[in-house]
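The structure appears below as structure tokens.
The values are calculated or read from the model by the stated rules, or taken from the named source; none is laboratory data. All figures in this text were calculated on a predicted structure; none of them were measured in a lab. Cβ placement follows ideal geometry from the backbone for every residue including glycine, while neighbour counts extend to all protein chains displayed. The area values use the complete protein model at the heavy-atom level, side chains included, leaving out ligands, DNA and RNA. Shrake-Rupley method; radii C 1.70, N 1.55, O 1.52, S 1.80 Å.
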Amino acid sequence: MHRAAICGLFLAGLWLAQATAQQTLPYRFLLVIGDQWKDPSSFVIDQQDDFQTLAALLTTWGLPFDILRLDQQRLDYHLFDRDERPRYGTLVWDAGWRAADQDRIELLGELVRKHGVNLVVLGDSVAAPVIQELARVEYVSEFRLGDGLSIDKDHFLTRGLKEREGEFHSSGNPLPGSKVIARGATVLARRGPLPFLTVNVPGGRVVWIGLERTPAQLLKPIARDLLKRSLVWAQGYALYAEYPRNLLLLMDDMGTSDRTFLPYWDYRTLYENDIRQGLIVPLKRHEAVMTQDVVSGYVDRRRRRVVSPWRQRVIDEIDGKTVHDYVSAKRGLEAGLREGVFEIACHGWTHMLPDLDSPPGPFWDAPMDGVGTLGWDVEFGDRLRGRDIPAILQRQHLERALESLQEDFGVRPLFVIAGGGAHSTSLAHHSQRIAAELGFGLSSDFGSIGYLGPDRVVALSPIAQRHTWRYDQKIDASAIAWTIDAPSFLIFHDRDVSLDIRATERLLTSLGGGIRYMAAGEYCGYLHARV
């Protein structure tokens with residue numbers, strides 16, 4: 001059986017010697033940005049930049065946060081409750097100095113000095129005059145230097161990092177940054193002769209980190225650790241999640257019909273005994289769990305209907321003799337659920353385009369040496385015709401998938417993975433937005449691992465990384481991009497077990513010990529937990 005284990009949740013940096021005002025500050029962070037958010041409706045964060053990286057980190061760490069965008073909002077009375085107390089304990093400033101007009105942020109000084117609100121400032125954001133004054137540094141200019149990081153002083157922010165200074169080096173290539181002069185701030189780290197990390201306490205605690213506000217620098221492990229420590233030290237405490245060598249095993253495609261007619265994806269569906277011997281036994285032996293990404297709508301070409309896969313025993317269209325026994329497959333899935341090694345997730349309803357009739361279709365009787373092979377097997381983005389799929393159709397398919405999985409397995413999954421990886425990206429038809437509205441909490445293959453919530457959608461990649469594997473590939477633990485900030489995802493297919501019954505055993509043996517396997521629903525639970 002899979003052993004019970006908990007995700008690493010740590011109470012860090014509990015500073016009891018806080019001022020009374022600081023002790024009563026709310027345990028909530030505010031991420032302040034300029035005009036980085038591409039979605040004018042302030043819901044979808046799916047862009048590879050500093051803002052998305054910060055939002056992904058705060059989300060996967062489990063820190064409670066809101067977002068203030070200075071292109072649409074002001075720093076004003078909204079930051080206080082009705083009793084005139086601050087609503088946030090710590091502000092994370094990623095606005096950039098051009099966005100931080102003095103008249104928009106004049107309240108910042110009062111928040112920090114009078115109310116003890118804490119402030120963590122990134123890169124050139126410190127150039128705003130009020131922030132320079134609070135941080136006690138003078139912004140001079142941008143720069144490019146080949147120097148790496150060096151620790152000046154032992155402090156909560158830098159403790160134990162001297163041996164990791166090399167993580168910030170770039171093999172002598174110049175890295176951009178912000179040149180500042182310390183005007184009363186304590187310098188904890190430098191790049192070459194220039195301050196890189198400073199602290200000051202003008203009321204609330206103020207930290208400045210000289211990272212260029214790009215994913216290239218924010219994604220360096222030491223930079224992420226410095227940011228996390230800055231938030232803990234500024235707030236005085238934080239409860240955050242860590243995921244050392246945590247791995248999600250995902251198996252796609254149980255229930256799909258394409259294996260019965262598609263020449264380049266032709267294999268026998270797994271029977272109950274295949275599932276028991278090829279999946280359940282090795283998973284139990286290695287104390288692992290697997291998320292089964294199940295399709296619950298079988299596309300029947302002969303009847304031109306979508307029917308239940310679990311009532312089908314069909315003959316393969318390609319060789320005319322292989323029997324695909326989906327009834328037996330369902331018994332295997334149910335056995336894995338009873339044994340506690342399977343979790344059922346949503347892989348869409350059909351794994352096929354909703355429109356199977358329009359040109360170059362119809363698909364139903366299309367030849368499998370021609371039009372039938374053109375890429376009909378994606379459900380949420382129409383690559384075949386080069387357009388988004390209407391929101392109402394995506395919603396209909398996801399609703400039918402949820403309805404069917406509830407009927408078939410008695411579950412309502414929190415995790416959804418897009419069949420074929422295609423998805424619709426326009427704001428009107430954004431696939432992840434639609435999935436979030438239907439109550440899904442986590443997604444994959446919609447361009448990124450994604451947090452889906454009632455508050456926002458956040459692309460978690462490349463913090464949470466997705467890997468793929470095939471039965472004929474060699475793999476070991478060194479091939480996984482482990483990070484303490486998120487679990488890694490490893491995806492393969494039921495096809496791999498159909499072609500090699502020992503594939504799962506070989507995979508788990510190759511990965512070795514010391515790995516904490518978790519199901520997608522568990523990670524989803526941590527992402528949505530509220531303190």
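Return yes or no: is Ser150 of a type in the set (S, T, N, Q), assigned to a strand (DSSP E or B) and farther than 25 Å from Phe51 by Cα?
The answer is yes for Ser150.
Given the structure, is Ala481 open to solvent by 40 Å² or more (accessible area, probe 1.4 Å) and either in a strand (DSSP E or B) or at pLDDT below 95 (or both)? Don't jump to the end; show me each part of the working.
On the way: open to solvent by 40 Å² or more (accessible area, probe 1.4 Å): no; either in a strand (DSSP E or B) or at pLDDT below 95 (or both): yes.
No.
Checking His169 against (1) open to solvent by 10 Å² or more (accessible area, probe 1.4 Å); (2) within 27 Å of the chain's Cα centre (by Cα); (3) on the phi > 0 side of the Ramachandran plot, only one condition comes out false. Which one?
Of (1) open to solvent by 10 Å² or more (accessible area, probe 1.4 Å); (2) within 27 Å of the chain's Cα centre (by Cα); (3) on the phi > 0 side of the Ramachandran plot, only one is false for His169: (3).
Enumerate the strands (runs of 3 or more DSSP E) found wholly within the range 269-338, keeping only those where 2 or more residues are of a type in the set (D, E, K, R) and either open to solvent by less than 60 Å² (accessible area, probe 1.4 Å) or free of Cβ contacts under 8 Å to residues at least 24 places away in the same chain (or both). Walk me through how you get there before you give the answer.
On the way: elements: 290-294, 298-300, 305-307, 313-315, 323-325.
Strands (runs of 3 or more DSSP E) meeting the threshold: none at all.
Restricting the search to the range 92-110, which residues are at pLDDT 90 or above, under 14 Å from Val32 (Cα atoms) and either open to solvent by 20 Å² or more (accessible area, probe 1.4 Å) or in a helix (DSSP H, G or I) (or both)? Can you show your working first?
The first filter runs over the range 92-110 and keeps only residues at pLDDT 90 or above, leaving 92-95, 107-110.
If we keep only those that are under 14 Å from Val32 (Cα atoms) as well, we get 92-95, 107-108.
If the condition is that a residue be at pLDDT 90 or above, under 14 Å from Val32 (Cα atoms) and either open to solvent by 20 Å² or more (accessible area, probe 1.4 Å) or in a helix (DSSP H, G or I) (or both), then Leu107, Leu108 are the ones that fit.
Which of the following residues is surrounded by fewer than 23 Cβ atoms within 10 Å (Cβ to Cβ) and either under 16 Å from the mean Cα position of the chain (by Cα) or at pLDDT below 95 (or both): Gly410, Gly441? It would help to see each step written out before you state the result.
Working: Gly410 fails: either under 16 Å from the mean Cα position of the chain (by Cα) or at pLDDT below 95 (or both).
So the residue among Gly410, Gly441 that is surrounded by fewer than 23 Cβ atoms within 10 Å (Cβ to Cβ) and either under 16 Å from the mean Cα position of the chain (by Cα) or at pLDDT below 95 (or both) is Gly441.
Tally the residues that are over 35 Å from the mean Cα position of the chain (by Cα) and more than 18 Å from Arg304 (Cα to Cα), restricting the search to the range 317-367.
8
Among the numbered criteria (1) more than 18 Å from the chain's Cα centre (by Cα); (2) closer than 18 Å to Pro454 by Cα; (3) not β-branched (Val, Ile, Thr), which single criterion is violated by Gln52?
(1)
Which one of Val199, Val207, Val187 is within 21 Å of Ile33 (Cβ to Cβ), at pLDDT 95 or above and open to solvent by less than 30 Å² (accessible area, probe 1.4 Å)? Walk me through it before giving the result.
Numbers: Val199 fails: within 21 Å of Ile33 (Cβ to Cβ); Val187 fails: within 21 Å of Ile33 (Cβ to Cβ).
Of the residues listed, the single one that is within 21 Å of Ile33 (Cβ to Cβ), at pLDDT 95 or above and open to solvent by less than 30 Å² (accessible area, probe 1.4 Å) is Val207.
Which residues, taken from the range 447-476, are closer than 16 Å to Leu250 by Cα, outside any loop (DSSP other than H, G, I, E, B) and small (Gly, Ala, Ser)?
Within the range 447-476, just Gly450 meets the criteria.
Applying the selection to the range 107-130, what residues are free of Cβ contacts under 8 Å to residues at least 40 places away in the same chain and within 20 Å of Trp233 (Cα to Cα)? Please lay out each step first, then the result.
First, the residues of the range 107-130 that are free of Cβ contacts under 8 Å to residues at least 40 places away in the same chain: 107-110, 128-130.
Passing the criteria: Leu108, Gly109.
Just to check your reading of the model, which residue among Arg285, Arg213 is in contact with an Asp or Glu (Cβ under 9 Å, 6 or more places away or on another chain) and closer than 23 Å to Gln52 by Cβ?
Details: Arg285 fails: closer than 23 Å to Gln52 by Cβ.
Result of the check over Arg285, Arg213: Arg213.
Collect the residues in the range 244-256 that are open to solvent by less than 10 Å² (accessible area, probe 1.4 Å) and in a loop (DSSP other than H, G, I, E, B), keeping them in residue-number order.
Of everything in the range 244-256, those that are open to solvent by less than 10 Å² (accessible area, probe 1.4 Å) and in a loop (DSSP other than H, G, I, E, B) turn out to be Gly255, Thr256.
Test each condition in (1) small (Gly, Ala, Ser); (2) open to solvent by 20 Å² or more (accessible area, probe 1.4 Å); (3) modelled with pLDDT of 95 or more for Gly89 and report the one that comes out false.
It fails just one condition, (2).
State yes or no: is Ser498 closer than 15 Å to Leu279 by Cα, outside any loop (DSSP other than H, G, I, E, B) and either polar (S, T, N, Q) or open to solvent by 50 Å² or more (accessible area, probe 1.4 Å) (or both)? Give the derivation first.
Details: closer than 15 Å to Leu279 by Cα: yes; outside any loop (DSSP other than H, G, I, E, B): yes; either polar (S, T, N, Q) or open to solvent by 50 Å² or more (accessible area, probe 1.4 Å) (or both): yes.
In short, yes.
Check Asp266 against each of (1) out of contact with any strand residue (DSSP E or B) (no Cβ under 7 Å at 6 or more places or on another chain); (2) on the phi > 0 side of the Ramachandran plot; (3) open to solvent by 30 Å² or more (accessible area, probe 1.4 Å) and name the one condition it does not meet.
Single failed check for Asp266: (2).
Of all residues in the range 343-370 being surrounded by 13 or more Cβ atoms within 10 Å (Cβ to Cβ) and without any contact (Cβ under 8 Å) to a residue 40 or more places away in the chain, which is nearest to Leu250 (Cα to Cα)?
Taking the range 343-370 first, the residues surrounded by 13 or more Cβ atoms within 10 Å (Cβ to Cβ) are 343-356, 360-364, 366, 368.
Okay, now just the ones that are also without any contact (Cβ under 8 Å) to a residue 40 or more places away in the chain, so 353, 355, 360-362, 366.
Working: Leu353: 22, Asp355: 27, Pro360: 33, Gly361: 32, Pro362: 32, Ala366: 31 Å.
Checking each candidate, the answer is Leu353.
For every residue, the table says whether it meets (1) loosely packed, with under 13 Cβ neighbours inside 10 Å; (2) touching a residue at least 60 places away in the same chain (Cβ under 8 Å).
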{"position": "Gln52", "(1), (2)": "no, yes"}
{"position": "Leu57", "(1), (2)": "no, yes"}
{"position": "Asp66", "(1), (2)": "no, no"}
{"position": "Arg69", "(1), (2)": "no, no"}
{"position": "Gln73", "(1), (2)": "no, no"}
{"position": "Leu79", "(1), (2)": "no, no"}
{"position": "Arg82", "(1), (2)": "yes, no"}
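If you take the residues of the range 373-401 that are open to solvent by less than 10 Å² (accessible area, probe 1.4 Å) and within 23 Å of the chain's Cα centre (by Cα), which of them is nearest to Val307 (Cα to Cα)?
Filtering first and then ranking leaves Ala401.
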